[in-house]
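Here's the structure, in structure tokens; my notes come after.
The values are calculated or read from the model by the stated rules, or taken from the named source; none is laboratory data. Here the structure is a predicted model, which is why all the values come from computation and not from measurement. Methodologically, a virtual Cβ is constructed for each residue, glycine included, from the backbone with ideal geometry; neighbour enumeration extends over all protein chains shown. Quick note on the areas: whole protein, heavy atoms, side chains included, nothing else; ligands and nucleic acids left out. Shrake-Rupley method; radii C 1.70, N 1.55, O 1.52, S 1.80 Å.
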Amino acid sequence: MESIENQQEEQQQQQKKNNNNVMEIETLSIERIFDSKEVPSWQEQLTFRAFMVSFLLSVLFCFIVMKLNLTAGIIPSLNVSAGLLGFFFVKTWTKFLQKSGLLKQAFTRQENTVIQTCVVASSGIAFSGGFGNYLFGMSEAIAKQSSDANEAQNIKNPSLGWMIGFLFVVSFLGLFSVVPLRKIMIIDFKLIYPSGTATAHLINSFHTPQGAKLAKKQVKALGKFFSFSFLWAFFQWFFTAGDNCGFIDFPTFGLKAFDNKFYFDFSATYVGVGMICPYIINISLLVGAILSWGIMWPLIETRKGHWYSADLSPTSLHGLQGYKIFIAIAVILGDGLYNFVKVLSRTLFGLFQQFCNKKTGDLPISGCSAPASPQISYDDQRRTQLFLKDQIPTWVAIGGYVIIAVISTIILPNIFHQLKWYHVVIIYIFAPALAFCNAYGCGLTDWSLASTYGKLSIFIIGAWVGASNGGVLAGLAACGVMMNIVSTASDLMQDFKTGYLTLASPRSMFVSQVIGTAMGCVISPCVFWLFYKAFPDLGVPGSEYPAPFSLVYRNMAILGVEGFSTLPKHCLQLCYTFFAAAILVNSIRDAAGKKWSKYIPLPMAMAIPFYLGGYFAIDMCVGSFILFVWQKINKAKAEAFGPAVASGLICGDGIWTLPSSILALAGVQPPICMKFLTRKTNARIDKLLGS
């Protein structure tokens with residue numbers, strides 16, 4: 001799964017609009033509304049019921065993220081769903097106990113924040129764990145799709161034991177690396193962290209009388225569409241008794257368009273994703289599909305026999321497949337480099353401004369408490385007081401990082417023999433600085449560049465190890481180490497911001513993040529293992545779960561180790577062109593300003609269909625169209641219930657993968673194959689059967 005890093009700002013803007021009806025509460029003093037309610041201690045915020053609900057939701061969200069990971073790799077923000085479902089389950093639990101007279105502790109917004117933090121931390125491992133990119137890219141199933149670097153030393157097939165062990169030794173470092181900076185980031189620098197702030201507003205609103213009523217209606221809408229989506233997926237299963245069978249292969253726009261990946265595949269998941277993602281993301285995907293599968297690939301295919309051998313298999317990277325993969329990589333790298341430089345420059349400039357302001361006394365000085373000031377609102381005073389009350393000792397953070405880094409340095413070379421201890425040490429020396437940059441940049445822009453830092457590690461460590469020493473596998477492993485560190489660091493700081501705005505203790509936030517990460521280190525590999533065992537064609541192009549970014553990441557590693565010699569004819573020139581075009585388009589978007597940039601496609605989003613095709617982009621555009629029409633008919637209702645309906649569609653279709661996997665493992669096959677043929681092919685088959 002490649003998370004579309006530069007979609008998040010637009011996605012956040014839409015999320016804010018969806019919360020307009022509850023954000024009105026925030027224009028008042030939110031803490032005065034809750035003044036009569038005592039804030040529980042950090043230990044009381046960590047309840048058994050919170051972690052029971054978190055575990056159940058973590059399993060649900062891991063299935064959803066894993067399915068998205070292994071199909072198109074586009075993952076929307078699931079914070080709203082996590083907060084809403086957490087509120088619903090615990091509220092139901094407490095109502096039942098209250099009626100039976102057994103309720104000992106009321107459900108608070110702090111406990112709601114703990115649940116949301118734990119669930120997002122757990123399901124986040126399904127992405128940063130690399131099951132749809134670097135980790136599965138190590139496997140033989142992906143390696144055999146390329147004729148390069150597919151020796152045994154560059155292959156490591158998935159196994160439940162080493163995957164869980166790997167995640168446990170790399171997923172916690174990012175948490176300890178930024179804990180000492182929480183006060184500087186949240187209070188001194190006053191970073192926004194848009195996703196964390198929006199989630200906090202949502203949770204605060206749930207626990208007001210008006211917000212609770214709306215949340216109840218939203219959950220009801222989510223439940224209806226969850227049921228519809230689940231039953232629709234179950235119905236479709238009956239017609240998939242063979243290859244290319246069922247509604248997912250319905251030639252909506254004709255067989256010729258179907259051959260070029262243009263069709264509607266009736267996926268409730270991606271219709272829901274389209275309702276959540278901003279319009280510009282969905283349009284960018286469609287534009288990318290038209291540019292690649294509608295124009296470029298048919299033109300390059302006419303050069304078969306001239307630019308590449310006509311005898312090559314369709315999956316050979318020395319043929320048309322090579323153009324698809326490497327041009328997509330060029331766009332992804334161009335977009336990633338541009339945003340890396342942009343966010344890094346903003347980070348450095350922001351730090352410079354903050355330290356300059358600090359010298360002039362504009363910001364509170366670091367210490368155990370912040371003095372009350374007439375300029376500081378009641379809300380900020382209250383939040384700052386409680387945020388600084390429960391400190392996490394610096395020695396715990398530093399000691400934890402060093403201990404885990406030492407353990408990891410010993411264990412990782414035993415999991416990946418190609419990755420030596422000194423490679424790991426170098427990564428861990430630079431990782432805290434990169435984790436800080438990612439966390440700070442995320443606070444400014446809401447963009448996490450975790451996968452960009454991971455790609456840099458692929459090229460640096462892969463080239464260092466070399467082709468003859470298993471550089472491909474070493475590069476992919478290094479990518480996993482770096483991605484996990486910088487991703488969890490920015491996630492934790494987002495959660496600290498949410499906790500700051502809901503009066504949840506930093507200690508409870510940290511403990512919840514640690515427990516959620518530990519859950520994810522077990523749940524995510526188990527969910528992936530279920531997919532891996534249930535679907536033998538996992539990772540195969542054209543299958544139900546093609547895991548497209550696994551091949552992309554592996555080919556990045558091959559490119560970093562072997563250079564440009566692996567590219568087919570004229571592919572390098574095309575890569576240079578599209579790399580430059582990605583930078584140019586991003587520059588134009590930034591220069592145009594917010595008014596016009598919303599009409600300019602995003603290069604990262606355009607690159608995804610280059611390899612996959614346009615079918616999921618059409619699904620997402622259908623979702624956008626539904627939301628657009630709904631907003632025209634009743635804007636207030638669409639903004640209030642749109643996210644809940646979309647979440648229901650995603651969750652129902654996503655959870656169907658559990659029973660479908662169990663049926664596949666049990667050898668239960670669907671009874672019907674629904675397939676579409678041309679008139680001539682059908683006539684030949686009728687003639688053959690008639691004879």
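Label sites at Lys594 and Ala106, each approximated as a point 7 angstrom past Cα along Cα to Cβ, lie 3.7 nm apart.
Does region 216-300 come out rounded, prolate or oblate by the C-alpha gyration tensor, with a ≥ b ≥ c the root eigenvalues, rounded set by a/c under 1.5 and, if not, prolate when a/b is larger than b/c and oblate if not? Oblate shape, in that a/c is at least 1.5 and b/c is the bigger or equal ratio. Largest accessible area first, the residues Glu140, Glu639 order themselves as Glu140, Glu639 under a 1.4 Å probe with ligands, DNA and RNA left out.
With a Förster radius of 22 Å applied to the beta-carbon distance between Thr394 and Ile429, the computed FRET efficiency rounds to 0.70.
First compute the accessible area of the chain with a 1.4 Å probe, then give the percent of it belonging to carbon and sulfur atoms. The computed percentage sits at 66. Helix 8-18 and the longest principal axis of the Cα set of the chain meet at an angle near 60°. Probing with 1.4 Å while keeping every protein chain in the model, the per residue accessible area of the chain equals 40 Å². Taken about its Cα centre, region 379-508 carries a charge dipole of roughly 160 debye when the Cβ of each Lys and Arg holds +1 and the Cβ of each Asp and Glu holds -1.
Dipole size of the chain about its Cα centre, with +1 on Lys/Arg Cβ and -1 on Asp/Glu Cβ: approximately 1160 debye, rounded to the nearest 20. Rounded to the nearest 10 degrees, the angle from helix 79-99 to the longest Cα principal axis of the chain is 60 degrees. Sequentially through region 403-410, phi angles give Karplus couplings (6.51, -1.76, 1.60; θ = phi - 60°) of 5, 5, 4, 5, 4, 5, 5, 7 Hz, Gly and Pro residues having no value and appearing as x. Here the alpha carbons of region 254-359 define both size measures, Rg and Dmax, at 20.7, 69 Å.
Highest mean packing first, where packing is the average number of other Cβ atoms within 10 Å per residue, the peptides 282-288, 648-654 line up as 648-654, 282-288. Compared with the alpha-carbon gap, the fully stretched path from Ala257 to Gln43 is longer by 71.2 nm at 0.36 nm per residue. Working from Cα pairs under 8 Å separated by at least six residues, relative contact order for the chain is 34 percent. Ordered by solvent-accessible area of protein heavy atoms (1.4 Å probe), largest first, the residues Thr252, Thr517 come out as Thr252, Thr517.
Applying 1/(1 + (r/R0)^6) with r as the Cβ-Cβ distance of Tyr422 and Val402 and R0 = 25 angstrom yields a FRET efficiency of 0.90. Please list log₁₀ I(q)/I(0) at q = 0.07 Å⁻¹ for the chain, using the Debye equation with identical point scatterers on the alpha-carbon positions. Debye curve over Cα of the chain, log10 I(q)/I(0) at q = 0.07 Å⁻¹: -0.46. If the label point is 7 Å along Cα→Cβ of Arg303, which residues in region 551-582 have backbone nitrogen under 16 Å from it? Within reach of a label on Arg303: 566-579. Rounded to the nearest 10 degrees, the angle from helix 615-633 to the longest Cα principal axis of the chain is 50 degrees. A Förster radius of 51 Å, combined with the Cβ-Cβ distance separating Thr577 from Ser377, puts the computed FRET efficiency at roughly 0.45. Name the long-range amide H neighbours of Cys673: under 5 Å, sequence gap of 5 or more, or other chain; modelled H, no Pro or chain starts. Under 5 Å from the amide H of Cys673 lie the amide H atoms of Ala241, each far enough along the sequence or on another chain.
Inter-label distance, Lys224 to Ser587: 5.1 nm, where each label sits 7 Å from its Cα along the C-beta direction. With one equal scatterer per alpha carbon and no solvent term, the Debye-computed log10 I(q)/I(0) for region 117-261 at 0.10, 0.13, 0.18 1/Å reads -0.77, -1.10, -1.16.
If I take all pairs of Cα atoms in region 529-669, what percentage of them are more than 21 Å from each other? Of all Cα-Cα distances in region 529-669, 66 percent exceed 21 Å. If the segment from Trp162 to Ile685 were pulled out straight at 0.36 nm per residue, it would be longer than the present Cα-Cα gap by 183.4 nm. Estimated purely from DSSP H runs of n ≥ 4, each contributing -39500 (n - 2.57), the mean residue ellipticity at 222 nm for the chain is -22500 deg cm²/dmol once divided by its residues.
Using a 1.4 angstrom probe with every protein chain in place, what is the largest-first accessible-area order of Glu44, Glu38, Glu111?
On the way: Glu44 95, Glu38 165, Glu111 0 Å².
Heavy-atom accessible area, descending, gives Glu38, Glu44, Glu111.
Take every Cα pair under 8 Å whose residues are at least 6 apart in sequence, average their separation, divide by the length of region 81-162, and the relative contact order is 23 percent.
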